[in-house]
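Below is one structure. I have some questions about it.
Derivation of every value follows stated rules applied to the coordinates shown; laboratory data play no part. All of these numbers come straight from a predicted model, not from anything done at the bench. Cβ coordinates were reconstructed from backbone atoms using ideal geometry, including for glycine residues, and neighbour counts include every protein chain displayed.
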Amino acid sequence: AQSVTQLDSHVSVSEGTPVLLRCNYSSSYSPSLFWYVQHPNKGLQLLLKYTSAATLVKGINGFEAEFKKSETSFHLTKPSAHMSDAAEYFCVVSSESSASKIIFGSGTRLSIRP
Amino acid sequence: DGGITQSPKYLFRKEGQNVTLSCEQNLNHDAMYWYRQDPGQGLRLIYYSQIVNDFQKGDIAEGYSVSREKKESFPLTVTSAQKNPTAFYLCASTRGTSGDLGTDTQYFGPGTRLTVL
């Protein structure tokens, strides 16, 4: 069985400071892992994905995530937050070949203080 | 520009009514999906379709129905059997050609917010 846990429902940082959004997963198979971003009343957009290539994955808008198998984690980071980063972020785990095995985390709302 | 369109943006339903949410894509993707999003929760899969004239139930299919008569279109009907339909509904698509639906990037539409009056 697969599962994904986003450890914080809400994170607030000051503009220009680092961002850390935490995600832990459980999977019986070699997982594919994704981070998506959702701005209010909008659809989701892919930030980055890991599919068993390099463990450090770089995404759009300066975000990156590191796959750590020993810790079953896939935390999302950004060195310097921008006001436009305020949104909801979803960590997603899936196994190959099955749409029904795509599991979304409950989301982390990121707020940016001026 | 290629993408996914959903209509309407807002939809109000009276008790006992069926309503249909539209989803159209011009990405030439084979696979399409419907998700439901409730506050403070992740997305839950309602139905998905890997090919025209074929679709599969997801985790919460009860009270919903779909059709896939054209590659570009995957409408979702919320029936009166769905007891708590108020939610944000998202349609998505993936290339689907590799057969590895779990590794494909999903492209999402802007969503439809359904409210029961």
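For the pairs A:K49/A:K69; B:K14/B:K70; B:K9/B:K57; A:K68/B:K57; A:K78/B:K57; A:K42/B:K71, note any where the Cα-Cα span goes beyond 26 Å.
The answer is B:K14/B:K70; A:K68/B:K57; A:K78/B:K57.
Pop out the ³J(HN,Hα) list for region A:12-29 in order, Karplus 6.51 cos²θ - 1.76 cosθ + 1.60 with θ = phi - 60°, rounded to Hz; leave Gly and Pro as x.
Residue by residue, region A:12-29 yields 10, 10, 7, 4, x, 9, x, 10, 9, 10, 9, 9, 10, 9, 9, 8, 7, 10 Hz.
Could you work out the mean count of beta carbons from other protein chains within 10 Å of each residue's beta carbon in B:105-117?
3
Let's see if you can work this out: charge +1 on each Lys and Arg Cβ, -1 on each Asp and Glu Cβ, no other charges. What is the dipole magnitude of chain A about its Cα centre, in debye to the nearest 20?
Computed about the Cα centre, the dipole is about 80 debye.
What is region B:7-55's relative contact order, in percent, from Cα pairs under 8 angstrom and six or more apart in sequence?
Averaging sequence separation for qualifying contacts and normalising by length gives 26 percent for region B:7-55.
Let me know the volume per residue of the alpha-carbon convex hull for chain B, in Å³.
Spread over its residues, the Cα hull of chain B gives 100 Å³ apiece.
Another question, if that's okay. Loop only by DSSP, 12 or fewer other Cβ within 10 Å of the Cβ. Give me the GluC sites (Glu not before Pro) in region A:28-114 that pass, ordered by residue number.
Listed in order of number, the matching sites are A:E71.
With +1 on each Lys and Arg Cβ and -1 on each Asp and Glu Cβ, and nothing else charged, work out how big the dipole of region A:51-114 is about its Cα centre, in Debye to the nearest 20.
Here region A:51-114 has a charge dipole of around 80 debye.
For region B:1-102, what is the relative contact order in percent, using Cα pairs closer than 8 Å and at least 6 residues apart in sequence?
32 percent.
Hey, what do the phi angles of region B:9-25 turn into as Karplus ³J(HN,Hα) couplings, whole Hz, using 6.51/-1.76/1.60 and θ = phi - 60°, x for Gly and Pro?
Rounded to whole hertz, the list is 6, 10, 9, 10, 10, 8, 4, x, 8, 8, 9, 10, 9, 9, 9, 10, 10.
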